[in-house]
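Below: one structure, written as structure tokens.
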Amino acid sequence: MTSDAVFNGVLVSGGNLSDNASPVSYLATDTGTASLTRWGGPFGQRLKAVSNSLCTTVGACQALAQATLRDALAPNIAATIGVVPNPALDAGDVVRVIHSGDAQLFFATMQNRLYLHVVGLTARQIIAARPLATWPGREEGKPEPGAKAACRKVAKNYLTPRELVRLNRFVSMLCLRAEAIADDGLHLTLLQWEMLVGREIEHDGGPFLLAG
């Protein structure tokens with residue numbers, strides 16, 4: 001068992017639907033009074049920063065931060081396939097394995113589903129097929145950034161204004177659902193979130209291609 005890659009705080013930074021507005025963010029910390037990894041306790045303050053441009057409200061940042069924190073608090077236990085972790089286990093017993101990267105993989109997958117729904121292309125396909133449409137400081141006359149600029153890795157920066165409006169509208173709807181779920185004190189699994197997003201996409205009418 002090791003504390004490597006174990007964090008007791010997750011800071012999620014998102015985007016903002018309003019021009020010239022500060023990005024939204026949320027800090028989730030381990031507040032359990034009896035927790036060995038309590039924020040500010042003997043474990044200290046070990047922060048993990050996450051950036052997601054599709055989180056455009058504090059509620060959406062909160063949902064992602066709390067989901068990521070649950071994974072980040074789990075201690076890392078490594079075992080080879082030939083090791084029996086518990087001699088009491090019998091053949092056919094069910095063992096639950098949690099992968100620390102599940103939350104990141106989930107949100108990357110959901111991003112691609114939203115891009116496919118709005119544009120008909122994945123994030124990688126959008127970046128490969130289109131010129132950069134917007135970048136920080138463009139409205140102030142700043143030139144287009146170089147090939148290695150971070151903004152070139154964000155598919156949202158390649159969308160047309162109409163596509164952005166539709167994407168932001170759909171993300172806002174999902175954020176409202178996330179805020180309502182958080183307010184009700186409910187905790188959904190990643191699989192339940194995936195099913196919820198799928199139902200919202202179906203309700204929205206399925207893949208919808210926009211002309212530039």
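No lab work stands behind these numbers, since they all come straight from the coordinates. Small disclaimer: the values here were computed from a predicted structure and weren't measured. Ideal geometry is used to build each Cβ from the backbone, glycine not excepted, and the neighbour counts take in all protein chains shown.
The trypsin sites (Lys or Arg not before Pro) of region 114-212 that DSSP puts in a loop, and whose beta carbon has at most 11 other beta carbons within 10 Å, are LYS148. Annotation: amide H-H contacts under 5 Å for SER25 (H modelled 1.01 Å from N, sequence separation of 5 or more, or interchain): GLY14.
So which chymotrypsin sites (Phe, Trp or Tyr not before Pro) in region 131-210 pass both tests, a DSSP loop state and at most 14 other Cβ atoms within 10 Å of the Cβ?
Sites meeting the loop and neighbour criteria: PHE208.
For region 30-45, the Karplus equation 6.51 cos²θ - 1.76 cosθ + 1.60, evaluated at θ = phi - 60°, returns couplings of 6, 9, x, 5, 9, 6, 5, 9, 4, 4, x, x, x, 6, x, 10 Hz by residue, with Gly and Pro reported as x.
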